[in-house]
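The values are calculated or read from the model by the stated rules, or taken from the named source; none is laboratory data. On a predicted model such as this, the values are computed, not experimentally measured, just so you know. Here the Cβ positions follow ideal geometry from the backbone for every residue, glycine too, while neighbour counts run over all protein chains shown.
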Amino acid sequence: MMRYILRRLLWVAITLGVVSLLTFMLIFATGDPAIMLTPTRPGQMPNPKLVALIRQQYGLDQPIYRQYLYYMGNLLRGNLGDSYYFRRPVTALLAEKLPTTAFMAGLIMLTALAIGLPLGVLAAVRRNTLIDRSILIGSTVLISTPTIFLAVLLIYGLAYRIPLFPLSGVGSLRHWVLPTLSVALPIGLGYALFLRTTMLSALAADYVRTAQSKGLGDSWLHFRHVLPNALIPVVMLASLDLAGLLTGVVLVEQIFSIPGLGQTVFTAVQNRDVPMVMGTVFFGAILIGLGNLIADLVAARLDPRIRFGG
Amino acid sequence: MSTLTIISTAIKDRSARRKATARIAAQSWWGQAIHHFLRQRLSLVAALLLIALSLVAILAPAVAPYDLAEQWRDAGRMGQPLAPNARFWLGTDNLQRDLLSRLIFGARVTLSVGLGASLLTVIFGLCYGSLAGLAGGAIDNWLMRLVDVVISLPTLFLIMLLIVIFGRSLWVMVGVIAAVNWAYPARVFRAEVISLKQREFIIAAHSVGVSNGRIFRQHILPQLLPLGIVYAGLGVPAAIFAEASLSFLGLGLPAPTPAWGSMLQAGLSFYRSAPLLVLLPGVCILLTCVCFTLLSNGLRDALDPLGRERL
C-alpha cells in the first residue's frame with residue numbers, strides 16, 4: 001500500500017517535471033521576459049537600461065539550460081516566479097486567492113451530489129416511468145447548456161425578474177446560491193445519469209435476485225445492497241472532478257465577480273501575464289495529480305475487490 | 001409449358017432471387033446498423049435537425065437576408081438593439097447588425113469549430129492509441145505515460161495559455177482544443193486495440209502471414225470506426241463549449257466573425273434591455289449540443305451489435 005502510494009507520488013513528480021519543461025518553453029515562446037518584467041508607462045518603450053538591469057537581476061542573461069535549472073531550483077523551493085501584471089510572487093497570489101475558490105469548489109461538489117444522487121436513485125428505481133423519463137430529458141438538456149448561458153438564465157430569472165438573490169459579488173450566504181447552482185446543476189445531473197446506469201447494472205447482478213428470492217424488501221435491498229456498489233464509480237468520478245473544479249470555476253467567478261483564483265487568472269490572461277497563468281497550470285497539475293491518487297485510494301477503500309498492482 | 005410461361009417463371013424467379021439478395025444486403029453489418037438507427041425516433045429527429053442546420057450553414061450566404069457585418073445605422077441608434085420587426089426578423093444587435101444573419105453565419109463558424117476540433121481529436125487519439133496498443137511493451141508504456149501527463153493538465157488554463165501564445169484564429173482554436181483533448185480517446189482506442197489483438201481472427205491473420213500494416217488496415221481499423229464515430233459525435237458539444245468559454249474570456253475569434261459563443265458573450269451586457277441577444281445564441285448552442293448527444297447515443301446503440309440485442 002505504502003509502496004503503491006510512493007510510486008504514484010513519483011509519477012506525479014515526473015508529470016510535474018514534464019509540465020515545468022513545457023511551461024518553461026512557453027514562457028520563452030511569448031516574448032522576452034525581461035521586457036515584460038520592466039515597469040513601463042502605457043504607450044512608452046521600456047527603458048533599455050532598466051531592461052538590462054532586470055535581465056541581470058533575474059538571471060535572464062544566462063544560457064538557457066542554466067535558466068531552466070535556476071527555474072527548476074525555484075520551483076522545488078516553492079517559488080513560481082513573479083507575476084508580470086500584479087508584480088508580486090505568483091505563490092503569494094495563489095495562496096491569497098485559493099481559499100475563496102476552494103470554498104466554492106467544495107460548495108459546488110456538495111450541491112451537485114445532493115442533487116444528483118437522489119435523482120439518480122429515483123430514476124433507476126422507477127425505471128421507464130414518467131419520473132425516469134423527465135430526469136433523463138432534464139439531464140440531457142442541462143448537460144448541453146453552456147455554463148455562461150445557464151448563469152445568465154439564472155441571473156435573469158432569479159436575480160432580475162424575481163429578485164431573490166443578488167446579481168454578483170460576495171458577502172452573505174445568498175451570494176453563493178446562483179454561482180453554485182450554475183455549475184452544480186449540470187454536474188449533478190451528470191452524476192444522476194451515471195448513477196442511474198451503475199444502479200441498473202448493479203440491479204441486474206445475481207445477488208440481487210438471490211436477495212429478492214429470500215423475500216428482502218425493495219427499499220432495504222436498494223439502499224443496503226445495491227446503492228453502495230453503484231456509488232463506487234460515482235464517488236471516483238466526483239473525486240476526479242473536485243480537483244478539476246478548483247481550477248474550473250474561472251467562468252462563474254468572472255460572471256459573478258467573485259474574487260478567486262479564476263478571476264486572477266482571467267486578468268492574467270488578458271494582460272499576457274504568462275508566469276501567473278503558468279503557475280496556475282502548474283498548481284492545477286499538482287492538484288489533479290493528487291486528486292487522481294486520492295480517487296484511487298477512496299475507490300480501493302470502498303471496493304475490496306480493487307487490489308493495487310505491485 | 002409454353003415459352004411464355006417459362007420466361008415469366010424465369011423473371012419471377014429472378015426477381016425473387018434479387019429480393020432475397022436485397023434482404024441479405026439489408027442484413028449486412030452497416031445495413032443492420034442503419035436499420036436499427038432508423039428505428040430510434042429521437043436520434044433520427046436529431047440527425048435530421050443537424051442535417052438541416054449544416055445545410056443552412058453551408059448555404060449561409062444564400063440563406064441569410066443580410067451581410068454578417070453590415071451595420072444598419074439608418075435603422076436605429078448604436079447600443080440600442082432593435083426588437084424583431086418586418087425588416088429584421090429577429091431584430092438587430094447592439095451594433096445594428098441583423099441578428100438572424102449573424103446566427104446563420106454563426107452556425108458556420110460554430111459547426112466548423114465543433115466538428116473540426118472533435119474530428120481532429122478523435123483522429124489523433126485513434127492514431128496515437130492504436131500505435132501504443134499495437135506496439136506494446138516499453139513503447140506502449142512510455143506513450144501512455146505521456147497521456148497521463150496530458151490528462152493531468154488543467155484543460156481550460158492550458159487552452160487559454162496556448163491561445164495567448166498562438167493568437168486568435170479558427171485554426172488555432174481547433175488545433176488547441178484538439179491538443180488538450182486527444183488523451184482520453186487515445187486511452188480508449190488503445191484499450192480497444194489491445195483487446196482486439198487477442199481475438200482469434202487477428203491471431204489467425206497473423207498465423208497465415210498477413211503483414212502488420214494490413215492487419216491494422218483490414219481487420220482492426222474497421223472495428224475501431226464505430227467507436228470513433230460515436231466519440232466524434234460526443235466531442236462536438238465539448239468543443240462548442242470550449243469556444244463559448246474562450247469567447248467569454250475574451251479569447252474567442254476576432255470580430256466581426258460571428259460564432260455563437262462570441263455572440264452570447266457580446267449580448268451579455270444587454271440581457272435586461274434585449275434578452276434575445278443572449279437567448280438566441282444560447283438556445284442555438286443548447287439545441288445543437290442536445291442533438292449531437294442524442295445522435296451519438298443513437299449511433300452507439302445502432303453500431304454496437306451487443307447493445308442492439310439488449311434493446
_Residue check, A:Val235 modelled with pLDDT under 85 and surrounded by 24 or more Cβ atoms within 10 Å (Cβ to Cβ)_ = no
*So A:Thr264 fits all but one of (1) of a type in the set (S, T, N, Q); (2) part of a loop (DSSP other than H, G, I, E, B); (3) buried (at least 19 other Cβ atoms within 10 Å of the Cβ); what number is the exception?*
(2)
_A:Val235 in contact with a helix residue (DSSP H, G or I) (Cβ under 9 Å, 6 or more places away or on another chain) and either closer than 19 Å to A:Leu16 by Cβ or touching a residue at least 12 places away in the same chain (Cβ under 8 Å) (or both)_ = yes
_Of the criteria (1) out of contact with any Phe, Trp or Tyr (no Cβ under 8 Å at 6 or more places or on another chain); (2) modelled with pLDDT of 90 or more; (3) hydrophobic (A, V, I, L, M, F, W, C), which one B:Ala62 fails_ = (2)
*Right, A:Ala230: in contact (Cβ under 8 Å) with a residue 40 or more places away in the chain and either assigned to a helix (DSSP H, G or I) or in contact with a Ser or Thr (Cβ under 7 Å, 6 or more places away or on another chain) (or both) or not?*
yes
*Answer yes or no: is there a residue in the range A:293-300 that is farther than 14 Å from A:Leu240 by Cβ, within 7 Å of chain B (Cβ to nearest Cβ) and at pLDDT 75 or above.*
no
*Being of a type in the set (S, T, N, Q) and touching a residue at least 60 places away in the same chain (Cβ under 8 Å), is that true of even one residue in the range A:173-193?*
yes
*Enumerate the helices (runs of 4 or more DSSP H) found wholly within the range B:195-282, keeping only those where 3 or more residues are touching a Gly at 6+ places or on another chain (Cβ under 6 Å), within 14 Å of chain A (Cβ to nearest Cβ) and of a type in the set (D, E, K, R).*
none
*Of all residues in the range A:55-90, count the ones that are surrounded by fewer than 17 Cβ atoms within 10 Å (Cβ to Cβ), assigned to a helix (DSSP H, G or I), of a type in the set (Ser, Thr, Tyr) and in contact (Cβ under 8 Å) with a residue 12 or more places away in the chain.*
1
_It is to be established whether one or more residues within the range A:202-217 are of a type outside the set (Phe, Trp, Tyr) and within 14 Å of chain B (Cβ to nearest Cβ)._
yes
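For (1) of a type in the set (D, E, K, R); (2) surrounded by fewer than 20 Cβ atoms within 10 Å (Cβ to Cβ); (3) in a helix (DSSP H, G or I); (4) away from chain B (no Cβ under 14 Å), each residue gets a yes or a no:
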{"site": "A:Gly116", "(1), (2), (3), (4)": "no, no, yes, yes"}
{"site": "A:Leu122", "(1), (2), (3), (4)": "no, yes, yes, yes"}
{"site": "A:Asp132", "(1), (2), (3), (4)": "yes, yes, yes, yes"}
{"site": "A:Val141", "(1), (2), (3), (4)": "no, yes, yes, no"}
{"site": "A:Ile148", "(1), (2), (3), (4)": "no, no, yes, no"}
{"site": "A:Ala151", "(1), (2), (3), (4)": "no, no, yes, no"}
{"site": "A:Tyr156", "(1), (2), (3), (4)": "no, yes, yes, no"}
{"site": "A:Pro163", "(1), (2), (3), (4)": "no, yes, no, no"}
{"site": "A:Ser168", "(1), (2), (3), (4)": "no, yes, no, no"}
*Consider A:Leu246 against the criteria (1) assigned to a helix (DSSP H, G or I); (2) away from every other protein chain (no Cβ under 12 Å): it satisfies all of them except one. Which criterion is unmet?*
(2)
*Considering only the range B:184-232, state which residues are over 23 Å from B:Arg300 (Cα atoms) and among the charged types (D, E, K, R).*
B:Glu200, B:Arg214
*asked:* Suppose we filter B:Leu234, B:Leu221, B:Leu225 for residues that are out of contact with any Leu (no Cβ under 8 Å at 6 or more places or on another chain), surrounded by fewer than 17 Cβ atoms within 10 Å (Cβ to Cβ) and closer than 30 Å to B:Ile285 by Cα; which single one remains?
replied: B:Leu225
*Which of the residues that make up the range B:239-298 are closer than 26 Å to B:Leu119 by Cβ and small (Gly, Ala, Ser)?*
B:Ala239, B:Ala242, B:Ala244, B:Ser245, B:Ser247, B:Gly252, B:Ala259, B:Gly261, B:Ser262, B:Gly282, B:Ser296, B:Gly298
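Here is a yes/no grid of residues against (1) of a type outside the set (Val, Ile, Thr); (2) surrounded by fewer than 22 Cβ atoms within 10 Å (Cβ to Cβ):
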{"residue": "B:Gly129", "(1), (2)": "yes, no"}
{"residue": "B:Met144", "(1), (2)": "yes, yes"}
{"residue": "B:Val149", "(1), (2)": "no, yes"}
{"residue": "B:Phe189", "(1), (2)": "yes, no"}
{"residue": "B:Glu192", "(1), (2)": "yes, yes"}
{"residue": "B:Ser195", "(1), (2)": "yes, yes"}
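A quick yes/no check of all residues on (1) assigned to a loop (DSSP other than H, G, I, E, B); (2) touching a residue at least 24 places away in the same chain (Cβ under 8 Å); (3) of a type in the set (S, T, N, Q):
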| position | (1), (2), (3) |
| --- | --- |
| B:Leu53 | no, yes, no |
| B:Pro61 | no, no, no |
| B:Ala69 | yes, yes, no |
| B:Arg77 | yes, no, no |
| B:Asn94 | yes, yes, yes |
